[in-house]
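The values are calculated or read from the model by the stated rules, or taken from the named source; none is laboratory data. Owing to the predicted nature of the structure, the values given are computational and were not obtained by experimental measurement. Neighbour counts run over all protein chains shown; Cβ positions are idealised from the backbone, glycine included. Each accessible area value is taken on the protein alone, full model and side chains, heavy atoms only, with ligands, DNA and RNA left out. Shrake-Rupley method; radii C 1.70, N 1.55, O 1.52, S 1.80 Å.
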Amino acid sequence: MPVKLTWYGHACFLFETGGSKLLTDPFLTGNPLAPIAADAVEADYIFVSHGHGDHVGDTLSIAKRTGATVVSNFEIQNWLAGQGVEPTHPQHIGGGYDYPWGRVKLTIAHHGSALPDGSYGGNPCGFLFYLEGLKIYHACDTGLFYDMKLIGEERIDLAILPIGDNFTMGPDDALRAVKLIQPARVIPIHYNTFDVIRQDPQAWAKRVRNETAAEVTVLQPGDFLQI
Ligand code: NI
Ligand code: MN
C-alpha cells in the first residue's frame, strides 16, 4: 500500500498509511500559509519534534478533539500529559518503537526545545518513520550534522529537510545534508512561513538535481505525494 503524504506547511505533514493518520508538528493557527484549519485536521497519532511554538502548535487542541496519541520526547510528553493530553507515548533519541502501523525512531537534531510557557522541553529530535517498507526521515528543525551520514546508511527513501536558514539549515547546508544522507527523494520544508526564512525552493531543487542523484519534490502547502 502506498503512503500518502500531505504537506500542511512548515514542518507539518499528514502521513496516511494503512488507514492510520499520522500528523507531525501541527502548526496551523498563526501560520499564514496553513492550507487547513486546526479544527478540521484528523489524526490518530501526533508527533512533536521539539517545544517551540511553531512545532507544538495546535497539538493540545487537536489531541483533545481527536483523542490522538501524542508521541514526543519524555520531557514534552510529560508536559502534554500535565495539560490533560492523553494518551501520550514518550520516546527518546536513538530509541525506536513498533506501533500498529509501523516503527518510529527518534534521531538527534541540533536546535533548542523550550516549551511555549518556558518549561524545559528536553532535547529536540527528528523522526525516522518505517512505513510500508519505506524509510522516511523527517529532520524537523536542525542544523547540519555529520551523523546524517549514519542516518543515510539505513537507505532513506525520502528525506524531509528544512531549507529556511536563520533557525535551521539554509539551502547550502541542506544541499550538503542531501549529499550525506543520499536519499532517493527529498522534500524541502520550513521556508517562507515568515519573512526571515524566505527561500526559493525551486532554485534549491535545481542545485540538488545538478549535484546529487536525489529526486526533489517541491510541494505547495496542501499538496500531497504518494510513495
Ligand atoms: Ni524550532
Ligand atoms: Mn521551527
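Computed quantities for the displayed model
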| read-out | value |
| --- | --- |
| Matching strands (runs of 3 or more DSSP E) fully within the stretch 96-166 where at least 1 residues are more than 15 Å from ligand 1 (Cβ to nearest atom), of a type outside the set (Val, Ile, Thr) and over 21 Å from Gln226 (Cα atoms) | 96-99, 102-108 |
| Cross-chain or 6+ apart pairs with Cβ under 9 Å, the stretch 8-32 first and without any contact (Cβ under 8 Å) to a residue 24 or more places away in the chain and under 20 Å from Arg103 (Cβ atoms), then among the hydrophobic types (A, V, I, L, M, F, W, C) and open to solvent by less than 10 Å² (accessible area, probe 1.4 Å) | Glu16/Val3; Glu16/Leu5; Glu16/Leu22 |
| Residue, farthest from Ala43 (Cα to Cα), within the stretch 13-30, restricted to residues that are within 16 Å of ligand 1 (Cβ to nearest atom) and not hydrophobic (A, V, I, L, M, F, W, C) | Gly30 |
| Residue within the stretch 196-217 that is within 16 Å of ligand 1 (Cβ to nearest atom), open to solvent by 40 Å² or more (accessible area, probe 1.4 Å) and either among the aromatic types (Phe, Trp, Tyr) or at pLDDT below 95 (or both) present | no |
| Options Ala37, Ala68, Ala43; residue that is at pLDDT 95 or above, within 20 Å of Leu5 (Cα to Cα), away from ligand 2 (no atom under 16 Å from the Cβ) and surrounded by fewer than 19 Cβ atoms within 10 Å (Cβ to Cβ) | Ala37 |
| Which numbered condition Ala63 fails, given (1) surrounded by fewer than 23 Cβ atoms within 10 Å (Cβ to Cβ); (2) farther than 18 Å from Leu219 by Cα; (3) not hydroxyl-bearing (Ser, Thr, Tyr) | (1) |
| Selection from the stretch 200-222 of residues that are of a type in the set (A, V, I, L, M, F, W, C) and not in a loop (DSSP other than H, G, I, E, B) | Ala203, Trp204, Ala205, Val208, Val216 |
| The lone exception for Leu131 - which of (1) open to solvent by 30 Å² or more (accessible area, probe 1.4 Å); (2) in contact (Cβ under 8 Å) with a residue 12 or more places away in the chain it fails | (1) |
| Of all residues making up the stretch 22-44, the number that are under 22 Å from His89 (Cβ atoms) and out of contact with any helix residue (DSSP H, G or I) (no Cβ under 9 Å at 6 or more places or on another chain) | 1 |
| Leading residue by the ranking (farthest from ligand 2 (Cβ to nearest atom)) among those in the stretch 140-178 that are more than 22 Å from Lys105 (Cβ to Cβ) and touching a helix residue (DSSP H, G or I) at 6+ places or on another chain (Cβ under 8 Å) | Leu175 |
| Members of the stretch 31-58 that are hydroxyl-bearing (Ser, Thr, Tyr) and within 14 Å of ligand 1 (Cβ to nearest atom) | Ser49 |
| Residue in the stretch 143-167 that is surrounded by the fewest Cβ atoms within 10 Å (Cβ to Cβ), counting only those that are in contact with a Leu (Cβ under 9 Å, 6 or more places away or on another chain) and closer than 28 Å to Pro32 by Cα | Leu144 |
| Flag for His10 being closer than 19 Å to Ala114 by Cα, open to solvent by 50 Å² or more (accessible area, probe 1.4 Å) and within 16 Å of ligand 1 (Cβ to nearest atom) | no |
